[in-house]
Amino acid sequence: MKLHHIALCVPSINSAVKWYVKHLKASIAYQDETWAMLDIENTSIALVLPSQHPPHIAFEKDDAHKYGELKLHRDGTSSVYVRDPSNNAVEMLKLNK
C-alpha cells in the first residue's frame, strides 16, 4: 500500500494550479477544466471541483476491489471511495498497468 494523492476541493482549477506551481514548484501531471494532478516532491495533490469529487486521501492498493466495485477513470486508474469511521472519504485505487 502506498499513498497516491490527497485531493483538495477548489472553486477554480486554473487559479489553484497557478498557486501550487508558483508557491510549491509543483509540476502538472494532468490538467483539464474539472481536475488537475500535481506532482510535488514525493507525493501528488489532486485539485478537484466539489461537484466532481469529494475531498479525500487516496491509497494505491493491489486489492482495491475488496472495498467495492472499481470505477475506471480517464487517467487509467480504477478506484472506489469508502468512508472511514469519522466519515472522511478514502479512495482505494488500483493502477491499471
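The values are calculated or read from the model by the stated rules, or taken from the named source; none is laboratory data. A quick note: this is a predicted structure, and the numbers were derived from the prediction, not measured. Don't worry about glycine lacking a Cβ; one is built from the backbone with ideal geometry, like all the others, and counts go over all protein chains shown. These area figures cover heavy atoms from the full protein model, side chains too; ligands, DNA and RNA do not enter into them. Shrake-Rupley method; radii C 1.70, N 1.55, O 1.52, S 1.80 Å.
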Revision key, fill the gap. For the chain, averaging the sequence separation of alpha carbon pairs under 8 Å that lie six or more residues apart and dividing by its residue count, the contact order in percent is 27
Practice item. Could you go through the range 18-25 in sequence order and give the Karplus-derived ³J(HN,Hα) for each residue, using 6.51 cos²θ - 1.76 cosθ + 1.60 with θ = phi - 60°, rounded to whole Hz, and x for Gly and Pro? Key: 4, 5, 5, 5, 5, 8, 10, 6
Check your understanding: Name the trypsin sites (Lys or Arg not before Pro) in the range 1-45 that are in a loop by DSSP and that have at most 15 other C-beta atoms within 10 Å, would you?
Key -> 25
Practice item. Could you work out how far apart the two model spin labels at residue 67 and residue 89 are, taking each label as a point 7 Å from the Cα in the direction of the beta carbon, and quote it in nm? Key: 1.3
Practice item. Would you mind checking 66/94; 2/94; 2/22; 2/66 for any pair whose Cα atoms are more than 20 angstrom apart? Key: 2/22
Study note, to complete from the structure: Distance in nm between residue 57 and residue 30 label points, each 7 Å along Cα→Cβ, equals 2.2
Review point. To the nearest 20 debye, what charge dipole does the chain have about its Cα centre, counting +1 at the Cβ of each Lys and Arg and -1 at the Cβ of each Asp and Glu?
Key: 80
Check your understanding: Hull surface divided by four, with the convex hull built on the Cα atoms of the chain: how many nm²?
Key -> 6.5
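Quick check for you: with a 1.4 Å probe and neighbouring chains kept, what is the accessible area per residue of the chain, in Å²? Intermediate values should be presented prior to the final figure.
On the way: 6200 Å² over 97 residues.
Ligands and nucleic acids excluded, the result is 64 Å² per residue.
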Study note, to complete from the structure: In terms of the alpha carbon gyration tensor, root eigenvalues a ≥ b ≥ c, rounded if a/c is under 1.5 and otherwise prolate when a/b exceeds b/c or oblate, the range 1-44 is oblate
